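The values are calculated or read from the model by the stated rules, or taken from the named source; none is laboratory data. Since the structure is predicted, the reported quantities are computational estimates derived from the model, not experimental observations. Heads up, the Cβs are rebuilt from the backbone with ideal geometry, glycines too, and the neighbour counts pull from every protein chain shown. Side chains included, ligands, DNA and RNA excluded: accessible areas come from the protein's heavy atoms. Shrake-Rupley method; radii C 1.70, N 1.55, O 1.52, S 1.80 Å.
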Amino acid sequence: SSLDLLGIMLTGGILLLPVLVFVTSLLFWPGVLLKAYNWYWRRRLGLGVRYSHSGSYRFCYFSRGTPGETTPSLLLLHGFSASKDMWLPVINFLPKEQHVVCVDMPGHEGTSRTGAEDYSIQGQVSRIHQFVQSVGLHERPFHLVGTSMGGNVAGVYAARYPSDLSSLTLVCPAGLIYPTESKFIVRLKELEQNITQEKSIPLIPRTAQELEDMLKLCCHTPPRLPQQVLRGLLANRLPNNDFYREVFMEIVGEESRHSLQDHLHLITVPLQVIWGRQDQVVDVCGAAVIQAALPHTQVDVVDNCGHSVVLERPRKMAQVLMDFVSAQEVCDAKSKKLS
């Protein structure tokens with residue numbers, strides 16, 4: 001009957017609606033869909049997004065677990081132009097009970113966007129210290145992890161606030177003097193002669209092609225992303241490009257460029273360095289530079305991996321990180337017994 005037909009059409013419509021929404025968002029708002037995907041992944045991993053304030057300054061972060069379990073809390077600092085969500089693949093492989101905190105770096109994603117004084121490496125270190133105090137993470141020594149720009153920040157943090165930390169992991173950190181210049185640094189030197197608004201910086205893509213080039217630069221095996229996903233990534237990045245350029249000019253400027261190198265001799269906490277052997281952004285020789293300054297450093301070089309260890313080898317990254325953190329706990333327990 002016509003009523004049955006209507007019923008079938010309506011239920012069909014209800015079933016079709018999510019499909020229709022999915023298809024249209026994929027076509028017209030791929031950036032929104034990517035944000036929804038990250039939201040879903042955070043939920044699945046049990047991560048709640050939170051805000052913490054220090055005066056008028058706002059930090060955005062997510063966390064899982066509670067401090068005070070067997071291992072120290074982990075604070076993870078992402079790289080340039082990324083966000084706390086970049087750590088999701090690694091968190092997926094961390095023990096469920098491990099207390100982990102990921103914060104958006106100054107000006108990135110949900111954290112306050114102010115001005116150049118907060119974007120230099122020293123400025124970022126001060127802001128991250130503010131964050132640590134605002135959430136009470138410093139009440140018990142924690143393990144700090146930073147990748148790329150976040151690695152530069154984490155290393156300087158360890159030099160400035162050693163009593164906050166139990167140990168430190170630097171993943172392909174920026175801020176060193178590298179004996180072998182990477183493809184990216186060579187390109188940067190060419191650009192330096194003539195940085196204008198028109199010149200494209202390899203880490204600040206403006207077109208789908210430039211985004212693909214960036215993925216090739218950052219990954220040994222770049223992910224094969226459908227055009228729609230690339231469009232979504234680009235759509236989410238483009239509105240922030242002026243900000244990214246401002247941060248970039250700060251972190252490659254005279255004051256910040258070699259911040260980690262200048263602070264290495266002040267790092268006293270146990271240190272682990274993780275590096276992708278095929279890193280084209282900052283050369284793997286940086287690991288030897290750190291080891292020369294700090295001979296007790298544990299170095300884990302990951303084969304078939306570029307600059308984005310977190311994205312390319314998340315399981316491996318989680319494994320070597322937790323092995324190191326656990327080993328430090330054992331050393332601590334032994335030294336306490338001896339004393």
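Only one of the listed residues (Phe59, Phe93) is surrounded by 19 or more Cβ atoms within 10 Å (Cβ to Cβ) and of a type outside the set (Gly, Ala, Ser). That residue is Phe59.
Considering (1) assigned to a helix (DSSP H, G or I); (2) among the β-branched types (Val, Ile, Thr); (3) under 30 Å from Ser335 (Cα atoms), the lone condition that Val310 does not fulfil carries the number (3).
Considering (1) assigned to a helix (DSSP H, G or I); (2) hydrophobic (A, V, I, L, M, F, W, C); (3) open to solvent by less than 40 Å² (accessible area, probe 1.4 Å), the lone condition that Leu75 does not fulfil carries the number (1). Of the candidates Ser120, Ser167, the single residue that is crowded, with 23+ Cβ neighbours inside 10 Å and either small (Gly, Ala, Ser) or more than 24 Å from Ser256 (Cα to Cα) (or both) is Ser167. Against the numbered list (1) modelled with pLDDT of 95 or more; (2) outside any helix (DSSP H, G or I), Glu97 comes up short only at (1).
Output the number of residues of region 223-255 satisfying the condition of being of a type in the set (Ser, Thr, Tyr) and more than 23 Å from Gly306 (Cβ to Cβ). Let's see the steps before the verdict.
First, pick out the residues of region 223-255 that are of a type in the set (Ser, Thr, Tyr): 244.
Now narrow it down to the ones that are more than 23 Å from Gly306 (Cβ to Cβ): none.
Residues in region 223-255 being of a type in the set (Ser, Thr, Tyr) and more than 23 Å from Gly306 (Cβ to Cβ): 0 in total.
Taking every residue in region 145-160 that is closer than 14 Å to Gln272 by Cα and pairing it with any residue that is in a helix (DSSP H, G or I) and among the hydroxyl-bearing types (Ser, Thr, Tyr), at least 6 positions away or on another chain, the pairs with Cβ-Cβ distances below 9 Å are Gly146/Tyr157; Asn152/Ser259; Gly155/Ser259. Can you give me the number of residues within region 200-233 that are open to solvent by 20 Å² or more (accessible area, probe 1.4 Å), of a type in the set (A, V, I, L, M) and in contact (Cβ under 8 Å) with a residue 12 or more places away in the chain? Looking only at that region, the number is 5. Taking the conditions (1) part of a strand (DSSP E or B); (2) open to solvent by less than 20 Å² (accessible area, probe 1.4 Å) in turn, Val301 satisfies each one other than (2).
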